Amino acid sequence: SLPHRPHITASSDHQHQYCCCRGTTHDTLLRSTNQLQFTSLKRSAKSMGIIIRNRSSSHWLVSTCTILSLWIACSIRSVPVAFSLSASTSGSRSTRRFRASSHANPPPYPVRVAVMGGGNFGLALATVLGRKGVPTTLLVRKQEIADHLNSHHSHPKYMSDISLPKSITATTDPHSAFNDATYVIHAVPCQFSREFLQGVAEHIPPNTPVLSASKGIETSSLGFMADILRDCLGTDRSYAFLSGPSFAREICEGVATAVVIASEDLLLADDLAVLMSSDTFRCFTSTDVIGVEVGGAVKNVIALAAGMCEGLGLGTNAMSGLVTRGCAEMRRLGDTLGAKPNTLAGLSGVGDTFGTCFGPLSRNRKFGYRLGKGETMEEILASTSEVAEGVDTSIALVKMIKEKCRGYRLDLKYPILFGVAEILQGNLSPSEGLEGLMNMPMRMESYDGFSS
């Protein structure tokens, strides 16, 4: 056995073969204990015509030959390849790993990003990338919007006072937007995502990874964004999901922001985190996709309830209690759907909930506030062009709970989520909903048993 086993990370700057190096220079592509990375290597190699058999963790020779095969294949195709080395010590309890700083080692291949959606959050993420010098293309619906973005470097409707980096361009042509994109970011509201994706799916190259920044549950299918993306774009590409307390205006203004990027492909999450992180925008990573999706959907409904509470003038005590109990319902639902409690206690769960419930820029909180003040749904919807995703998500969420959760009187397990849906459907007023919450049966406050 070898006392030091070198791990080699291969990276290519060829436009269509960057996936062979998706680990970037600071990651190791092969580790005997990391099946995720080996699976990614197999998929990348297969695209180049190289078939890698399942390995045995005790046979380093197989991994070495695999790397050499990839290197030879890239050399034959005249594709520049970059290598980085790390060393680990075998035969002892301690392991030495040498990783370079993500800020010191940018991706060695050219990166270009396409952003679907020219709304507030699409503009915000494009700004994050543009400020780092990453060529970014916004795909918008109207030609006049694209022309204004390209000539004035600002959006005529959303955050029009914000100047966008000059590395951002806009187009209405999906083929030109996606043709040579390294990554695609989806920032279209959840309820409009399926129709939009079906219209552009043929233009997105196979295997191009997609990062979704949309949150919610589709009312027609009761599916999360992961389900919609796989239905529309297939299951052969990798997907990632960004969530956390992140108001678009604050991101564009350069205010410090922390988010989480979740993906079943941890290499993709790592690469996106390195690509997007800066001194003012910090990305953490996770593999708990369902946890991030549950938190991103449920927090909008809790924010509606928090806004109603504020609109009724109930004070800080009521608001704090409502949001806390709403987070308990989030954790209970997450447990049922397979989410990790730590995820829901993190940025994409309670973190995003706090921001959305208490932040003055929250569209869902504003919507709930106006309901609490006595305005009707019709009046609010007619007076705003911004989407409060919690409204549609609330109705879909109750249907999902009834479909996937077992038990008698589910409304007693999820009183806030069910109550908000009843108010939005016109069956209760905000004050009646509050009265119902305060008159619920006495019970223990339990955070250990989510099913209680």
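The values are calculated or read from the model by the stated rules, or taken from the named source; none is laboratory data. Remember, predicted model here, so these are calculated numbers, not experimental data. A quick note on method: Cβ atoms are made from the backbone with ideal geometry, for glycine too, and the neighbour counts reach across all protein chains shown. Note: accessible area is taken over every heavy atom of the protein model, side chains too, but ligands, DNA and RNA are not part of it. Shrake-Rupley method; radii C 1.70, N 1.55, O 1.52, S 1.80 Å.
So, of the residues in region 373-390 that are open to solvent by less than 30 Å² (accessible area, probe 1.4 Å) and small (G, A, S), which turns out to be farthest from L428 (Cα to Cα)?
Of region 373-390, the ones open to solvent by less than 30 Å² (accessible area, probe 1.4 Å) are 380, 388, 390.
Subsequent filtering for residues that are small (G, A, S) retains 388, 390.
Values: A388: 20, G390: 17 Å.
Filtering region 373-390 for residues that are open to solvent by less than 30 Å² (accessible area, probe 1.4 Å) and small (G, A, S), the one farthest from L428 (Cα to Cα) comes out as A388.
Consider region 373-390. How many of its residues are in a loop (DSSP other than H, G, I, E, B), more than 23 Å from the chain's Cα centre (by Cα) and among the hydrophobic types (A, V, I, L, M, F, W, C)? Can you show your working first?
First pass over region 373-390, keeping only residues in a loop (DSSP other than H, G, I, E, B): 373-376, 383-388.
Subsequent filtering for residues that are more than 23 Å from the chain's Cα centre (by Cα) retains 373-376, 383-385.
Those still in the list that are among the hydrophobic types (A, V, I, L, M, F, W, C) too: none.
Number of matching residues: 0.
When G119 is tested against (1) open to solvent by less than 50 Å² (accessible area, probe 1.4 Å); (2) without any contact (Cβ under 8 Å) to a residue 60 or more places away in the chain, exactly one condition is not met: (2). Put simply, of R365, R331, R370 the only residue that is open to solvent by 50 Å² or more (accessible area, probe 1.4 Å) and in a helix (DSSP H, G or I) is R370.
Note on region 391-408: among residues that are open to solvent by 50 Å² or more (accessible area, probe 1.4 Å) and in a helix (DSSP H, G or I), the one that is nearest to T353 (Cα to Cα) is D392.
Of everything listed in (1) in contact with a strand residue (DSSP E or B) (Cβ under 9 Å, 6 or more places away or on another chain); (2) open to solvent by 30 Å² or more (accessible area, probe 1.4 Å); (3) part of a loop (DSSP other than H, G, I, E, B), the single unmet condition for N150 is (3). Filtering region 116-157 to residues that are more than 24 Å from T384 (Cα to Cα) and in contact with a helix residue (DSSP H, G or I) (Cβ under 6 Å, 6 or more places away or on another chain) leaves T127, V128, T136, T137.
The one condition from (1) open to solvent by less than 20 Å² (accessible area, probe 1.4 Å); (2) without any contact (Cβ under 8 Å) to a residue 60 or more places away in the chain that D411 does not meet is (1). Is it true that some residue in region 160-170 is at pLDDT 95 or above, closer than 16 Å to A114 by Cα and hydroxyl-bearing (S, T, Y)? Looking for residues that are at pLDDT 95 or above, closer than 16 Å to A114 by Cα and hydroxyl-bearing (S, T, Y), one finds at least one in region 160-170, hence yes. The set of residues from region 358-373 being touching a residue at least 24 places away in the same chain (Cβ under 8 Å), out of contact with any Leu (no Cβ under 7 Å at 6 or more places or on another chain) and not basic (K, R) comprises F358, G359, L361, S362, Y369, L371.
Taken over region 335-362, the criterion of being within 18 Å of R249 (Cα to Cα), open to solvent by 70 Å² or more (accessible area, probe 1.4 Å) and in a helix (DSSP H, G or I) is satisfied by F354, F358. Give the residue that is surrounded by the fewest Cβ atoms within 10 Å (Cβ to Cβ), with candidates limited to residues of region 170-180 that are over 23 Å from K215 (Cα atoms) and out of contact with any Leu (no Cβ under 7 Å at 6 or more places or on another chain). For region 170-180, the residue satisfying everything is H175.
Select, from T316, T285, T324, the only residue that is open to solvent by 30 Å² or more (accessible area, probe 1.4 Å) and under 14 Å from the mean Cα position of the chain (by Cα). Give the derivation first.
Numbers: T316 fails: under 14 Å from the mean Cα position of the chain (by Cα); T324 fails: under 14 Å from the mean Cα position of the chain (by Cα).
The match here is T285.
Consider region 194-221 and keep the residues that are out of contact with any strand residue (DSSP E or B) (no Cβ under 7 Å at 6 or more places or on another chain) and crowded, with 23+ Cβ neighbours inside 10 Å. The one that is farthest from I261 (Cα to Cα) is I217.
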